[in-house]
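Structure, as structure tokens:
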Amino acid sequence: MALYSEKVMDHFRNPRNVGVIENADGVGEVGNAKCGDIMKIYLKIENDVIVDVKFETFGCGSAIASSSMATEMIKGKPISEALGLTNKAVTEALDGLPAQKIHCSVLAEEAVKSAVKDYYDKNGIIYDCKLFHDCATCEHCHH
Ligand code: FES
């Protein structure tokens, strides 16, 4: 079996939604300290719907394919669906990733969430912090 699925190769070679959105409503940037990869996601939001999304990823092929697929999966969708996007769903949509590359799809999930959080923060929208982190390990919240 090939290491990478056709879909991974396709999204790596022809990534969708690459670029920057000027005046984005939400921007999320995450990195993985171990591999050094960085992913940035820009959202344009209207009436709770992600009307446009772009990404810049400085990283491996799987990270690029994961961000490309993640942007395709949330484009035109309500924010709630973007928040529900899991790295597992991204990996499945790519027809799988090698085990040592699963963390690349985690980065995509985190980047989307962090962009939504940025949008919420900028607009003073109240949210449940459980959406964005593990409260059990957070010293600021008392859940
Ligand atoms: Fe770390 Fe791909 S190797 S995100």
Report task. Answer rounded, prolate or oblate for the range 55-97, using the Cα gyration tensor with square roots of eigenvalues a ≥ b ≥ c: rounded when a/c is under 1.5, else prolate when a/b is larger than b/c, else oblate. Result -> oblate
Requested in this report: Mind scanning LYS34/LYS88; LYS101/LYS130; LYS7/LYS117; LYS7/LYS44; LYS34/LYS77 and naming the pairs with a C-alpha gap bigger than 24 Å?
Outcome: LYS101/LYS130; LYS7/LYS117; LYS7/LYS44; LYS34/LYS77
Report summary line: Residues meeting the amide H criterion for CYS138 (H placed from the backbone, H to H distance under 5 Å, 5 or more places apart or on another chain) are none
Query raised in the report: If r is the Cβ-Cβ distance from SER80 to VAL20 and R0 is 30 Å, what FRET efficiency results, to the nearest 0.05?
Result: 0.75
Requested in this report: Considering the options ILE79, HIS11, GLY28, tell which one lies farthest towards the positive end of the dipole of the range 1-127, charges being +1 on Lys and Arg and -1 on Asp and Glu at the Cβ, about the Cα centre.
Outcome: HIS11
Query raised in the report: If you put +1 on each Lys and Arg Cβ and -1 on each Asp and Glu Cβ, how big is the dipole of the range 20-96 around its Cα centre, in Debye rounded to 20?
Result: 180 debye
Query raised in the report: Among 124-137, 75-88, what's the highest-first ranking by average C-beta atoms within 10 angstrom per residue?
Result: 75-88, 124-137
Report task. Return the aspartates and glutamates within reach of LYS75: Cα separation strictly under 15 angstrom, same-chain partners fewer than 8 residues apart disregarded; answer none if there are no such residues. Result -> ASP25, GLU46, ASP48, ASP52, GLU109
Report summary line: With R₀ set to 25 angstrom, the calculated FRET efficiency between the beta-carbons of GLU29 and ALA136, to the nearest 0.05, is 0.55
Query raised in the report: Which number do you get for Rg(Cα) / (2.2 N^0.38 Å) in the range 25-73?
Result: 1.20
Query - R0 of 35 Å, Cβ-Cβ distance CYS129-ASP95: FRET efficiency to nearest 0.05 - result: 0.55
Query raised in the report: Where q = 0.21, 0.26, 0.30 Å⁻¹, what log10 of I(q)/I(0) comes from the Debye formula for the range 1-54, counting one point per Cα?
Result: -0.91, -1.01, -1.07
Query raised in the report: Relative to the present Cα-Cα distance, how much length would full extension add between ASP52 and LYS88 at 0.36 nm per residue of separation?
Result: 10.7 nm
**Report entry** Ranking of GLU46, GLU109, GLU29 by count of other Cβ atoms within 10 Å, fewest first
**Finding:** GLU46, GLU29, GLU109
Query raised in the report: Highest mean first, what order results for 114-122, 62-70, 96-104 on Cβ atoms within 10 Å?
Result: 62-70, 114-122, 96-104
**Report entry** Distance between the range 64-143 and the range 1-47 - C-alpha centres, whole angstrom
**Finding:** 12 Å
Query raised in the report: Normalized C-alpha radius of gyration of the range 82-143, against 2.2 N^0.38 Å?
Result: 1.31
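Counting only DSSP beta bridges with both residues in the chain, tell me the antiparallel percent, nearest 5.
Working: 16 of 17 bridges.
If we restrict to bridges inside the chain, about 95 percent are antiparallel.
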Query - Long-range HN-HN contacts of ILE50 with modeled amide H, under 5 Å - result: GLY76, LYS77, ILE79
Query raised in the report: Computed on alpha carbon atoms, what radius of gyration and Dmax characterise the chain, expressed in Å?
Result: 14.9, 49
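Readers should treat all values here as calculations from the given coordinates under stated rules, not as data from a laboratory. This one's a predicted model, so the numbers in the text were calculated from it and none came from an experiment. All Cβ positions, even for glycine, are placed from backbone atoms using ideal geometry, and neighbour counts span all protein chains on display.
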